[in-house]
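A short write-up of the structure that comes next.
The values are calculated or read from the model by the stated rules, or taken from the named source; none is laboratory data. Everything numeric in this text was worked out from a predicted model, so none of it was measured. For neighbour counting, all protein chains shown are included, and Cβ atoms are generated from backbone atoms with ideal geometry for every residue, glycine included. All accessible areas refer to the heavy atoms of the entire protein, side chains included, with ligands and DNA or RNA removed. Shrake-Rupley method; radii C 1.70, N 1.55, O 1.52, S 1.80 Å.
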Amino acid sequence: MSDNQEASDAEDTTPSESATLPLRPHSDRPTCNKTGVCSRSYFVVVMVFFHVYIINVIALLFYVHYNSGQEDTSQGRDAPSSNQQPESPRPPSKPEFLRVSSLTRIEGIRVGHVQKVSLMQNKVHEMRTLSMKPLLFEIPGFLSDDECRVVMQLAQLKGLMESQLMVQEGQEELAKELNLSPDEIFNLLDINQDGQLQLHEILTHSRVRDGIWLTPENLREIYTGLKADKDGDGLLSLEEFRLLSNDAFQRFLLQRGVKRSQMVRNSRHTWLYQGKGAHQVLQDIKTKVTRLTRLPPSLVDLSEPLQVVRYEQGGHYHAHHDSGPVYPETACTHTRLAANTSTPFETSCRYITVLFYLNSVEGGGETAFPVADNRTYDEVSLIQNDVDLLDTRRNCDKSNLRVKPSKGTAVFWYNYLSDGKGWVGEQDEYALHGGCMVTQGTKWVANKWINIDPDYQRQARYQQLVSQQPEDDDDEDLTLNQDTQSSDIHQDL
């Protein structure tokens, strides 16, 4: 077969074979190489849509998490626990305080740290950390010279009273009311539970109960006069303690007579109302305290009035706590009306103390913190080898920290720790402090206490009760209550 014939046969078979193959669908899309521009554009478009989808999912998760967090915060402490009965619903309009579930607490950072605080317009103060235990700050220039002068003049105009009267009476009746036996009282006084009452255990009890500052030497004299220590070892056994009446020490001291230098505190004081209608200087001080502490104004408004104290030469205030520990059977003085049950035990619940120096003292008069920044706190070790760290007449120089009075300076500290949830926790035992004896001149100070109950629900009930009272009546009642009850509050601690 010739070449021309083979070519002709090929041409005859090709059309028939192609006719039997299926036809491809028609498409207008241009063909592109995989490495060309079209494939890259398609990839970019897909990735953009994928990232937008991921971002939307993340944003949705954040939105859900934020909303659930806000609901938890708004419910906070108001939500009843599984083992508590839910309280009755509150009225729709809540006072300012009831919308707050946590308290602002200023950080000390470290001793010597200085931070700026704005207490009034166009002026910035420096606040320096003095100790971390307790959390203690100093603010120079908190009060102007004119403000110091006005406060002292207002106090003199109102009149100052003795900060501590003579020995308290009625202790035996209280013991009977509590139905405590001599064995139970002995057990309460025996701090280290060794079966014997040591000198410092008796001293602590007498100072708190009778308001008389006994020294170890005084106590030995009383033992001898009452023939209480039969074996002369300086300790009281349970058998020896049973022979004494509840007020044996008190009667013995009254028969001997008590000097002012033997009292727990030797000063004169008064209270100045800071609410509506008060002198503008007093209202301004309250406003600056509110800004300093960063607490809700309602808490500051319903706290104790401003206390002004004058110490003459020889005046002192032995080491003490401004607040007492709160136990289940204890009620805070300021919220006792909101307590569910009556209790024989009350204590002042002063979350914060702000102390103002109204003048510079010529000699002595420092504010001493005996155990500031100690590694540990041990009540027993406060009195050892006849060295009493609580005695500000004898041993002020042995305190860990002393603040010298300087006109216009303010110091403030927290008397309670945080409970870890933004509220008031346990008492800070390191907040022990006292006023050193004035050796020359006169000392003027003012105290502003912020009262907060460690029991959140009780504080909330109290705030709600107050908010339902007429405003004028509320202010007047609070002032009367503080004037009549706060003067002896330290003696109850």
* Asked: Among the residues of the stretch 233-250, which ones are open to solvent by 60 Å² or more (accessible area, probe 1.4 Å) and without any contact (Cβ under 8 Å) to a residue 60 or more places away in the chain?
  -> ASP233, GLU239, LEU243
* If you go through the stretch 408-423 one residue at a time, do you hit one that is under 23 Å from LEU154 (Cα atoms) and either more than 20 Å from the chain's Cα centre (by Cα) or polar (S, T, N, Q) (or both)? -> yes
* Quick one: is ASP284 surrounded by fewer than 21 Cβ atoms within 10 Å (Cβ to Cβ) and at pLDDT 95 or above? -> yes
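Could we say that SER360 is of a type in the set (Gly, Ala, Ser) and at pLDDT below 95 here? If you could, list the steps in order and put the result at the bottom.
Details: of a type in the set (Gly, Ala, Ser): yes; at pLDDT below 95: no.
It is false that SER360 is of a type in the set (Gly, Ala, Ser) and at pLDDT below 95.
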* **Residues being open to solvent by 30 Å² or more (accessible area, probe 1.4 Å) and either of a type in the set (A, V, I, L, M) or modelled with pLDDT under 60 (or both) - total across the stretch 441-478** => 7
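Limited to the stretch 118-135, what total is found for residues that are closer than 22 Å to LYS404 by Cα and open to solvent by less than 80 Å² (accessible area, probe 1.4 Å)?
9
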* Tell me, yes or no, whether the stretch 299-309 has at least one residue that is within 13 Å of VAL354 (Cβ to Cβ), part of a helix (DSSP H, G or I), without any contact (Cβ under 8 Å) to a residue 12 or more places away in the chain and not small (Gly, Ala, Ser). => no
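Condition check: open to solvent by 90 Å² or more (accessible area, probe 1.4 Å) and either at pLDDT 65 or above or of a type outside the set (D, E, K, R) (or both). Does ILE139 satisfy that?
Values: open to solvent by 90 Å² or more (accessible area, probe 1.4 Å): no; either at pLDDT 65 or above or of a type outside the set (D, E, K, R) (or both): yes.
No, not satisfied.
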* Go through the stretch 110-136 and give me each residue that's at pLDDT below 95 and assigned to a loop (DSSP other than H, G, I, E, B). => GLN121, ASN122
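Only residues that are more than 22 Å from SER399 (Cα to Cα) and in contact with a Pro (Cβ under 8 Å, 6 or more places away or on another chain): list them for the stretch 333-361, please. Write out each step before concluding.
Going residue by residue through the stretch 333-361, those that are more than 22 Å from SER399 (Cα to Cα) are 333-351, 358-359.
Of everything in the stretch 333-361, those that are more than 22 Å from SER399 (Cα to Cα) and in contact with a Pro (Cβ under 8 Å, 6 or more places away or on another chain) turn out to be THR347, CYS349, ASN359.
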* Search result, residues across the stretch 373-407 that are in a strand (DSSP E or B), β-branched (Val, Ile, Thr), within 25 Å of ILE202 (Cα to Cα) and open to solvent by less than 40 Å² (accessible area, probe 1.4 Å) -> ILE383
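When residues of the stretch 433-457 are filtered for being farther than 16 Å from GLU312 by Cα, more than 14 Å from the chain's Cα centre (by Cα) and either among the basic types (Lys, Arg) or not in a helix (DSSP H, G or I) (or both), how many remain? Write out each step before concluding.
Filtering the stretch 433-457 for residues farther than 16 Å from GLU312 by Cα gives 433, 447-457.
Next cut, more than 14 Å from the chain's Cα centre (by Cα) only: 433, 447, 457.
Still in the running and either among the basic types (Lys, Arg) or not in a helix (DSSP H, G or I) (or both): 433, 447.
Adding up the residues that qualify gives 2.
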* Just give me the residues in the stretch 258-272 being part of a loop (DSSP other than H, G, I, E, B), surrounded by fewer than 21 Cβ atoms within 10 Å (Cβ to Cβ) and either under 27 Å from the mean Cα position of the chain (by Cα) or in contact (Cβ under 8 Å) with a residue 12 or more places away in the chain (or both), in sequence order. => VAL258
* Single condition HIS321 does not satisfy, out of (1) open to solvent by 10 Å² or more (accessible area, probe 1.4 Å); (2) more than 27 Å from ASP391 (Cβ to Cβ); (3) not aliphatic (A, V, I, L, M) -> (2)
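Output the residue which, of all residues in the stretch 356-366 that are under 17 Å from GLU312 (Cβ atoms) and not small (Gly, Ala, Ser), is most open to solvent (accessible area, probe 1.4 Å). Spell out how you get there, then give the answer.
Here is the first cut: in the stretch 356-366, the residues under 17 Å from GLU312 (Cβ atoms) are 357-366.
Adding the requirement that they be not small (Gly, Ala, Ser) leaves 357-359, 361-362, 366.
Numbers: TYR357: 1, LEU358: 1, ASN359: 29, VAL361: 12, GLU362: 127, GLU366: 40 Å².
Among those residues, the one meeting the criterion is GLU362.
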* Asked: Of all the residues that make up the stretch 408-432, how many are open to solvent by less than 20 Å² (accessible area, probe 1.4 Å), of a type in the set (Ser, Thr, Tyr) and part of a strand (DSSP E or B)?
  -> 2
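Scan TYR462, TYR377, TYR414, TYR456 and give me the residue that is touching a residue at least 24 places away in the same chain (Cβ under 8 Å) and under 30 Å from ARG220 (Cβ atoms). Full working, then the answer.
Numbers: TYR462 fails: under 30 Å from ARG220 (Cβ atoms); TYR414 fails: under 30 Å from ARG220 (Cβ atoms); TYR456 fails: under 30 Å from ARG220 (Cβ atoms).
Just a single option satisfies the conditions, and that option is TYR377.
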